[in-house]
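> Got a structure here, written out as structure tokens. Questions coming.
The values are calculated or read from the model by the stated rules, or taken from the named source; none is laboratory data. Quick caveat, the model's predicted, so the values are computed rather than measured. Note: ideal-geometry Cβ built from the backbone for every residue, glycine included; neighbour counts use all protein chains shown.
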Amino acid sequence: MDTKAHWEKVYSTKAPDAVSWYRAHLETSLALIERAATPADSIIDVGGGESTLVDDLLLRGFKNLTVLDVSQTAIDATRKRLGAAAEQVRWLVGDVTKIELEPRSYNVWHDRAVFHFLTTAEQRAAYVGQVSSAVKPGGHVIISTFGPEGPVKCSGLDAVRYDAESLHGEFGAGFRMVESSKELHETPFGTTQQFLYCYCRIE
């Protein structure tokens, strides 16, 4: 099963709050984005899926939002949830490592729980290339992956765990680390997953 088919099946068969990564509000992501961006800045949420991040950003007055996900089902569900407010958002369906993104178009790149599914060096290099091309010079990059004590599999897929040094190493010298932190995410099933957040600026 390819990546798109896998995630279409997940989003077609599970309720939004019945997946391990579900969180009612992404408080850490929201706090970092609010520090990094003004309401007029262009923000892309990579792997936004059925996340409520876009809802919360709209409520906070952010006006230039893009949500990218490989699953059309997830995008459709989020658009339906937002109702008329969905017209304020740009929606993209595609694989982040392959989709054509407009160069130098985003002030903030946000990704919670996509990068750790890229298990080959080629996938990761393609992803970093996309970030380098799509984010404006001086822009902000917020990536959240499984931390050193996080799971090695999620939703039936292998995942790569990172500490701040190894994650920053994937991106290279063009990305200046501003800060990193770890977060224990409580899943809907009563277990915990360790997430790592890294916040960088593009030099």
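> Quick one: in segment 124-139, of everything that is free of Cβ contacts under 8 Å to residues at least 40 places away in the same chain and surrounded by 17 or more Cβ atoms within 10 Å (Cβ to Cβ), which residue is farthest from Lys14 (Cα to Cα)?
Once the filter is applied, the top-ranked residue is Gln130.
> If you check every pair at least six apart or on different chains, which have Cβ atoms under 9 Å apart with a residue in segment 140-153 that is over 18 Å from Glu186 (Cβ atoms) first and a residue that is polar (S, T, N, Q) and assigned to a loop (DSSP other than H, G, I, E, B) second?
No pair meets every condition.
> Then there is this: Restricting to segment 16-55, give me the number of residues that are crowded, with 19+ Cβ neighbours inside 10 Å and within 22 Å of Ser105 (Cβ to Cβ).
The number of residues fulfilling the criteria is 16.
> Within the bounds of segment 62-78, is there any residue that is in a loop (DSSP other than H, G, I, E, B), modelled with pLDDT under 95 and not aromatic (Phe, Trp, Tyr)?
yes
> Would you mind finding the one in Thr66, Thr119 that is surrounded by fewer than 17 Cβ atoms within 10 Å (Cβ to Cβ) and out of contact with any helix residue (DSSP H, G or I) (no Cβ under 8 Å at 6 or more places or on another chain)?
None of the others qualify; the one that does is Thr119.
> Okay, moving on. Which one is farthest from Val141 (Cα to Cα) among residues in segment 162-201 that are in contact with a Lys or Arg (Cβ under 8 Å, 6 or more places away or on another chain) and surrounded by fewer than 18 Cβ atoms within 10 Å (Cβ to Cβ)?
Of everything passing the filter in segment 162-201, Gln194 is farthest from Val141 (Cα to Cα).
> Continuing with the same structure: Would you mind stating whether Ala40 is more than 24 Å from Phe195 (Cα to Cα), among the hydrophobic types (A, V, I, L, M, F, W, C), part of a loop (DSSP other than H, G, I, E, B) and out of contact with any helix residue (DSSP H, G or I) (no Cβ under 9 Å at 6 or more places or on another chain)?
yes
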